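Asker: Would you mind keeping the following structure in view while I ask a few things?
The values are calculated or read from the model by the stated rules, or taken from the named source; none is laboratory data. None of these values were measured; they are calculated from a predicted model. Glycine also receives a Cβ, built like all others from the backbone with ideal geometry; neighbour counts cover every protein chain displayed. Heavy atoms of the whole protein, side chains included, go into the accessibility calculation; ligands, DNA and RNA do not. Shrake-Rupley method; radii C 1.70, N 1.55, O 1.52, S 1.80 Å.
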Amino acid sequence: MKKNDLAGIGMTSQRTRSRLVSRLRDKGIKEESVLAAIDSTPRHIFIDEAMAHRAYEDTALPIGMGQTISQPYIVARMTEILVDSGIMGNVLEIGTGCGYQTSILSKVSFQVYTIERIAVLQSRAVERFKQLGLQNITYKHGDGFKGWSEHAPFDAIIVTAAPDNIPQALVEQLSIGGRMVIPVSQTNGEQQLFLLEKTEQGMTEIGMESVKFVPLLSGTL
Ligand code: SAH
């Protein structure tokens, strides 16, 4: 890694990153802690060098193994929904992918637990956490459908791939007052984002915007 790689130059510079933050504000992201996390996280190190010049466009990009890095707006929106709805103590992420969303979470949470089913993506993500000096991330290679019972309950759960139904194990691993943001595939082929909250009385569920994620798949690779 060359000296300028982390800070970025030209299309990967701080100025380019700050322009992305302005665009996210224009699109309605208001939570300052989330905007600050995006402003200080070099998204270009999470993608292939050949595509680094596109890192600060507000689009999803391929990260290999048929997976994608989520669109910055969606990363910001899902994080904002969780930050705005309660505490960010123990946070569980399903679908580490390249680790960009994980890194944003790490800056607005006390401790992040993240699970990825594809080993090679996970090991690349872990390298990036080290490079960025992020020390509150605990990771494992596994099937996120099962959650991570050893570290439950979680104050917040974020799922960054879409199942057909909300995985019951994840609901069980939420604390009272805990929230989950999750995209769910609908019968018409679209996906809708949901915010769930566990209360003393049971679960509440709010439908949010439509989204487009890769599918949540069982088993590991
Ligand atoms: N959070 C990422 C998005 C990655 S794409 C970002 O910041 O951009 C979704 C990821 O979920 C992929 O890497 C995919 O391999 C992973 N995934 C899919 N099903 C999974 C499962 N059951 N458990 C863990 N990870 C899963």
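Asker: What percent of all Cα-Cα pairs in segment 1-66 falls in each 5 Å bin, counting up from 0?
Answerer: Reading the bins upward from 0: 4, 17, 28, 23, 16, 9, 3, 0.
Asker: For GLU93, list long-range residues whose amide hydrogen, built 1.01 Å from N in the peptide plane, is under 5 Å from its own amide hydrogen.
Answerer: Distant-sequence amide H within range of GLU93: TYR113, THR114, ILE115, ILE158.
Asker: Would you mind checking the tilt of helix 72-85 against the longest principal axis of the Cα atoms of the chain, expressed as 0 to 90 degrees and rounded to 10?
Answerer: The angle comes out near 40 degrees.
Asker: Additional query: Amide H of LEU174: which non-local residues (sequence gap of 5 or more, or other chain) have their own amide H closer than 5 Å, using H built in the peptide plane?
Answerer: For LEU174, whose amide H was placed from the backbone, the distant partners under 5 Å are PHE154.
Asker: Then there is this: Between segment 22-79 and segment 98-123, what is the C-alpha centre distance in whole Å?
Answerer: Taking the Cα centre of each part, segment 22-79 and segment 98-123 sit 14 Å apart.
Asker: Sticking with this structure for a sec: Using r as the Cβ-Cβ distance of ASP58 and GLN135, and R0 as 35 Å, what FRET efficiency do you calculate, to the nearest 0.05?
Answerer: Once the sixth-power term is evaluated, E becomes 0.75.
Asker: Eight or more residues apart or on different chains, and alpha-carbon atoms under 21 Å: count the Lys pairs in the chain matching that.
Answerer: 8
Asker: Moving on to the next point. Would you pull out the residues with amide H under 5 Å of ILE118's amide H, same chain only if 5 or more places away, H placed 1.01 Å from N?
Answerer: LEU221
Asker: Still on this model: Using θ = phi - 60° and the Karplus relation 6.51 cos²θ - 1.76 cosθ + 1.60, list the HN-Hα couplings for segment 126-140 in order, rounded to whole Hz, with x at every Gly or Pro.
Answerer: In residue order, the calculated couplings are 5, 4, 5, 4, 5, 4, 8, x, 7, 10, 10, 10, 10, 10, 8 Hz.
Asker: Find, to one decimal place in angstroms, the Kirkwood hydrodynamic radius of the chain, where the mean of 1/r is taken over every pair of different Cα atoms and then inverted.
Answerer: Mean inverse Cα-Cα distance, inverted, gives 17.4 Å.
Asker: Any idea what the alpha-carbon Rg over 2.2 N^0.38 Å comes to for segment 46-121?
Answerer: 1.13
Asker: Relative contact order, percent, of the chain when contacts are C-alpha pairs under 8 Å separated by at least 6 residues?
Answerer: The value is 15 percent.
Asker: Given the protein chains as shown and a 1.4 Å probe, how many square angstrom of LYS140 are accessible, to the nearest 10?
Answerer: Around 60 Å² of this residue is reachable by solvent.
Asker: How large is the helix-only mean residue ellipticity at 222 nm for the chain, computed as the sum of -39500 (n - 2.57) over DSSP H runs with n ≥ 4, divided by its residue count, in deg cm²/dmol to the nearest 500?
Answerer: Roughly -8500 deg cm²/dmol at 222 nm, from the helical runs in the chain.
Asker: Arrange the residues MET65, MET51 by how much accessible surface each exposes, largest first, with a 1.4 angstrom probe.
Answerer: MET65, MET51
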